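Only one structure is covered here, and it is reproduced in the block below.
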Amino acid sequence: MRLSLFIALMMSFVMLTKAAEVFPGADEKSPSRSQYFSWINNTNEGPTEEQTLINLAFYQWLHDEYGMTLDIYAFDAGAIDGKRFYGSMDSERFHNQFPHSFDPIYKKAKAMNTRLGLWGGPDGFGDTPEEEEARINMMAGLCRDYDWALFKFDAVCGQLRRDREPAFIKMMTESRKYSPDLIALNHRLPLTDAGKAHMTTFLMGGKETYIDVHMKNSMTCPHHRGGAISRELPPGLARLTEDHGVCISSCPDFWDDDLILQAFNRCLILAPEVYGNPWFLRDDEYPKFARIHNLHRRYRNILVNGMVLPASYGPYAVSRGDSKTRFVTLRNLTWKPVSYAVKLSKEIGLEAADNIELRQFHPTEKVIGEFKSGETVKVEVLPFRACLLMATTIPCPEVAVTGCDYEIIKDMKGKPVQIKLLGKPGTSSTVKLHSDSRHFKKAYLNGKRIKGFTEGDSLQIEFPGRKLKYPWHRKLATLKPTTLPDDAAALYAATCFAADSNALEVRAIQRSGPTDIKAVKEARDAFFNQHVFKGRGLWDRYMFDDDPATSYFACMRLGGEGINGGSLRLDFGTLIDADQIEICVPDIYSLQTLKEQEGNVHAAEISADLKSWTSIPFIHGEITKINIPEGMQVRYLRIEGSLPRISEVNAYRNGRSLDRSLWRGSNLFSPYAPMKFRKAWKGSIRLDEITPGSYLCIALNGKHGDEGAYVALRAADGSLIGCPDRAPSFYANAWEAANFSCNANYTYYVPLTPEMEGESYEVVVIANDGCSNDLQPDVWLTANPIPFVSRELTLK
């Protein structure tokens with residue numbers, strides 16, 4: 001044993017002396033590669049052939065529809081190795097997941113110029129020479145047989161035994177004989193220098209980016225990605241690190257700002273990098289998703305050259321490119337718009353020239369203008385948004401128009417170019433084609449031919465709608481301290497019933513709405529129909545689906561219960577005339593810790609308006625029956641404490657079941673009494689003007705304690721409006737891991753509807769004694785997306 005250890009150490013020493021000769025798949029000047037990896041599309045149970053092929057069909061659709069190329073599709077945990085174990089492609093487990101090995105997946109990926117990658121551990125070499133050789137052959141075989149592009153080595157699988165380091169080095173050396181550009185990611189592995197020499201990257205800050213699970217806001221913010229867009233730069237702008245990419249699985253809003261900074265600001269070796277479930281986006285967001293990828297790919301060779309800009313450009317501003325073309329990324333981490341002075345000179349890395357064109361590519365596209373070298377241009381960046389600019393001294397090949405903002409929908413070689421022209425409602429713009437390096441013969445506006453536009457004529461565009469009188473993003477009020485209102489319990493109930501306890505992924509899909517795209521629908525269905533997802537009981541709809549195989553669970557990732565024991569809450573969506581409500585569990589065990597035919601400690605409570613509640617005692621059973629008094633209409637039901645597992649909830653009138661299509665439920669919110677609310681703040685607002693996508697942000701600036709402050713609105717007629725969303729998110733029945741607790745700077749959100757325009761509301765914050773008396777609650781009105789009206793321009 002001592003001799004073998006000595007030999008292993010000597011081999012390590014020899015390998016260390018050769019470390020300088022190792023090429024780790026890329027260097028600092030290697031162009032980025034776009035990647036998707038499958039973590040939280042599956043968790044540690046691993047991916048399957050069927051689901052992977054469906055996911056690849058989504059990327060094939062992006063390729064065919066928008067000309068987007070994905071460089072790497074990487075399997076995350078569980079394809080071969082898993083959490084705390086090493087696997088084999090000869091195992092029964094692997095053959096169950098991939099009955100045809102990786103062959104059909106490789107074939108489908110290769111057809112769209114995509115290569116594959118794999119998550120695993122650094123060891124797996126066993127305890128015998130035969131086991132060691134088998135592991136090396138398997139990993140190198142992926143490169144030999146499938147042109148593998150990436151290995152991700154993660155401590156979640158296991159650490160590398162010191163005496164197996166020579167085997168690890170041999171494995172990497174053999175693999176790169178077939179894939180010289182093989183990327184190797186080091187996720188939290190304390191390797192020696194000899195081992196590190198074979199790794200391409202390290203995990204930046206040790207952080208994952210699952211929004212509100214591993215990454216949350218530390219400030220109040222109009223969306224959930226304030227923490228993500230506040231990320232620091234890697235030391236020295238090093239590109240051979242990995243920032244875990246942009247997670248699109250929870251809280252998708254403003255994903256594009258996150259991706260702009262990941263791809264153009266940090267611009268690491270893997271960029272743009274996305275993981276999770278990008279099929280959760282809205283149908284109208286896929287053109288932007290593809291545009292970011294396509295734009296980055298076209299300029300990736302020059303984006304490797306970066307420089308940090310002076311502090312006057314704002315936090316973490318970077319310019320990338322060559323002496324002729326620079327991409328500048330700016331950001332605003334405040335509640336008000338900020339203007340930055342951009343100097344078109346060596347200050348951003350640009351050589352002197354007679355004419356410099358400045359364009360914006362995000363959040364909208366627009367031609368800002370042509371300027372002389374050394375001129376300074378003011379550029380406004382919206383609150384908590386990113387901005388991408390291009391300054392160039394040479395003709396820009398990107399199609400553009402002057403006179404208004406726009407969005408490129410499609411721009412593929414040999415096909416018509418589709419551009420969405422953008423303007424504020426009730427305004428007009430004089431638009432002109434700006435495309436020096438590309439020529440078109442025909443132009444159409446909303447399908448109607450327009451003559452002369454492709455020859456240089458300008459076009460007057462009218463954007464329909466009522467002209468805005470007020471800024472669409474504006475502060476409405478700062479709330480003032482007051483006494484706890486008499487209806488505090490009802491205000492708390494309003495938000496508890498407006499929100500839910502569903503998995504963050506369910507909330508994401510509800511935000512995006514249904515899709516008309518076949519590939520998107522199939523990828524969504526593949527995710528939500530996984531037996532693992534259904535088996536974890538993470539969706540309230542499982543109580544209303546007539547499927548005895550599904551159930552709604554109290555959050556097992558939070559120890560099996562919610563805040564202060566949680567409460568079952570049911571919102572029937574409208575008043576119902578029921579004489580009996582039934583709550584079914586699949587078996588007697590699912591009543592635990594309750595017992596069959598025992599009365600509940602707390603009565604069920606029903607209400608029509610959240611203010612007046614009627615208590616109804618009941619007895620537990622596999623079918624628990626709650627009898628409603630004659631003549632009493634019901635909208636809401638609550639039972640203190642959460643049943644661990646509910647399979648169905650039904651309501652009846654004279655033996656006939658009632659429609660359940662509007663029903664919703666939750667189980668993690670606390671009962672009112674244990675919250676011990678003692679403090680309050682309030683203020684009045686009037687919604688003078690509402691645009692599509694408008695919502696209120698109630699920013700609780702300061703410390704309030706975990707779950708220590710809640711917000712609701714009181715209308716002039718006395719009705720109550722709860723907040724269905726909050727950053728960081730309300731606790732969820734967790735798909736992968738429990739979401740963040742947070743003791744400061746909550747932001748509550750209330751979506752607005754057209755009928756709310758012109759109405760006045762009182763905004764009320766209720767809090768417990770743990771909340772600071774210095775809390776400053778501000779109310780902001782904003783919108784997402786920016787309230788533009790669009791016209792579609794087609795160029796042929």
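The values are calculated or read from the model by the stated rules, or taken from the named source; none is laboratory data. Model, not experiment: these values are computed from the prediction. Neighbour counts run over all protein chains shown; Cβ positions are idealised from the backbone, glycine included. The protein model used for the area step is the full one, side chains on, heavy atoms only, and it has no ligands, DNA or RNA in it. Shrake-Rupley method; radii C 1.70, N 1.55, O 1.52, S 1.80 Å.
Of all the accessible heavy-atom surface of segment 43-139, with the other protein chains kept in place and a 1.4 Å probe, what percent is carbon and sulfur?
50 percent
Each residue of segment 642-647 in order: what ³J(HN,Hα) in whole Hz does its phi give by Karplus 6.51 cos²θ - 1.76 cosθ + 1.60, θ = phi - 60°, with x for Gly and Pro?
10, 5, x, 7, 10, 8
Could you sort 202, 533 by their accessible area in this structure, using a 1.4 Å probe and putting the largest first?
202, 533
Using only the alpha-carbon atoms of segment 125-226, report the extent along each of the three principal axes, biggest first, to the nearest angstrom.
The Cα atoms of segment 125-226 stretch 56, 29, 21 Å along the principal axes, largest first.
Taking the alpha-carbon set of segment 470-620, what are its Rg and Dmax in Å?
Reported Rg and Dmax, both Å: 19.5, 61.
How much accessible surface does residue 174 have with a 1.4 Å probe, in Å² rounded to 10?
Per-residue accessible area (residue 174): approximately 50 Å².
Would you mind checking the radius of gyration and Dmax of segment 238-371 based on alpha-carbon positions, in Å?
Answer for segment 238-371, Rg first and Dmax second: 15.3, 47 Å.
Answer with one residue from 437, 337, 200: the one whose Cα lies farthest towards the positive end of the charge dipole of the chain, charges on Cβ with Lys, Arg +1 and Asp, Glu -1.
The one lying farthest along the dipole's positive direction is 437.
Over the Cα atoms of segment 206-295, Rg to Rh with Kirkwood Rh, two decimal places?
The Rg/Rh ratio comes out at 0.94.
Okay, which of segment 361-399 sit inside 13 Å, backbone N to the point 7 Å along the Cα-Cβ direction of residue 345?
The answer is 372-377.
Can you list the HN-Hα couplings for segment 262-273, worked out from phi with the Karplus curve (6.51, -1.76, 1.60; θ = phi - 60°), rounded to whole Hz and with x for Gly and Pro?
5, 7, 9, 8, 7, 6, 7, 4, 9, 6, x, 10
Give me the accessible area of residue 370, 1.4 Å probe, in Å² rounded to the nearest 10.
110 Å²
Go ahead and run the numbers for FRET between residue 207 and residue 394, Cβ-Cβ distance against an R0 of 41 Å, rounding to 0.05.
0.60
Accessible surface of residue 417 in the full protein assembly, 1.4 angstrom probe, to the nearest 10 Å²?
In the full protein context, residue 417 sits at about 0 Å².
Below 11 angstrom from the Cβ of residue 662, what's the summed charge of the other residues (Lys, Arg +1; Asp, Glu -1)?
Around residue 662, the charge tally is +1.
Can you tell me the dipole magnitude for segment 146-276 around its Cα centre, using point charges on the Cβ only (Lys, Arg +1; Asp, Glu -1), in Debye to the nearest 20?
500 debye
Using all Cα-Cα distances in segment 613-732, what percent lands in each 5 angstrom bin from 0 up to the longest?
2, 6, 14, 17, 18, 14, 13, 9, 6, 2, 0
Taking N as the number of residues in segment 339-466, what is its Cα Rg relative to 2.2 N^0.38 Å?
The reported ratio for this selection is 1.14.
May I ask you to derive the FRET efficiency for residue 632 and residue 334 from their Cβ-Cβ distance with R0 = 41 Å, giving the value to the nearest 0.05?
Once rounded, the FRET efficiency stands at 0.20.
In deg cm²/dmol and to the nearest 500, what is the mean residue ellipticity at 222 nm of the chain if only DSSP H runs of at least 4 residues count, each as -39500 (n - 2.57), divided by the residue total?
Helix-only estimate at 222 nm: -5500 deg cm²/dmol.
What does the extension gain come out to for residue 283 and residue 738, with contour length at 0.36 nm per residue minus their alpha carbon separation?
That works out to 160.9 nm of additional length.
Run the simple label-point estimate for residue 311 and residue 486 please: 7 Å along Cα→C-beta, distance reported in nm.
5.5 nm
Mind pulling up the Rg/Rh value for segment 332-383? Radius of gyration and Kirkwood radius, both on Cα.
My calculation of the ratio gives 1.01.
Under a point spin-label approximation (7 Å from Cα along Cα-to-Cβ), what is the residue 769-residue 355 distance to one decimal in nm?
Inter-label distance under the simple model: 7.2 nm.
Under 15 Å from the 7 Å Cα→Cβ point of residue 449, by amide nitrogen: which residues of segment 770-796?
Residues 794-796 qualify, since their backbone N sits under 15 Å from the label point.
Report the calculated FRET efficiency for residue 23 and residue 69 (r = Cβ-Cβ distance, R0 = 25 Å), to the nearest 0.05.
After rounding, the FRET efficiency stands at 0.55.
How big is segment 246-302 along each principal axis, measuring the range of its Cα positions in Å and listing the largest first?
31, 18, 15
Over 18 Å between Cα atoms: which of 420/796; 29/346; 152/207; 424/469; 410/796 fall into that group?
As for pairs spanning more than 18 Å Cα to Cα, those are 29/346.
Using a Cα-Cα cut-off of under 21 Å, which lysines could be cross-linked to residue 343, ignoring same-chain neighbours fewer than 8 residues away?
Result set, ordered by chain and number: 324, 366, 372, 378.
Could you check the spin-label model distance between residue 163 and residue 107? Points 7 Å from the Cα along Cα→Cβ, value in nm.
Here the modelled spin labels are 4.5 nm apart.
Using the Cα centre of the chain as the reference point, and only Cβ charges (+1 on K/R, -1 on D/E), how large is the resulting charge dipole? Debye, rounded to the nearest 20.
2480 debye
Want the number for residue 467 to residue 615: 0.36 nm per residue separation, take away the alpha-carbon distance, what's left?
48.2 nm
At 1.4 Å probe size, with every protein chain present, just tell me what the per residue accessible area of the chain comes to in Å².
With all protein chains present, the chain gives 39 Å² per residue.
Using 0.36 nm per residue, how much length does the chain from residue 755 to residue 715 gain when fully extended, once their Cα-Cα distance is taken away?
Here the segment from residue 755 to residue 715 would lengthen by 13.2 nm.
Rounded to a whole number, what % of the accessible area of segment 717-796 do carbon and sulfur atoms account for, probe 1.4 Å?
The nonpolar share, carbon plus sulfur, comes to 44 percent.
Using only the Cα atoms of the chain, each taken as one equal point scatterer with no solvent, compute I(q) by the Debye sum, divide by I(0), and report log10 of the ratio at q = 0.06, 0.08 Å⁻¹.
Scattering profile of the chain, log10 relative to I(0): -0.44, -0.77.
In terms of modelled amide H atoms, which long-range or inter-chain residues lie less than 5 Å from the amide H of residue 183?
So residue 183 has HN proximity to 150, 151.
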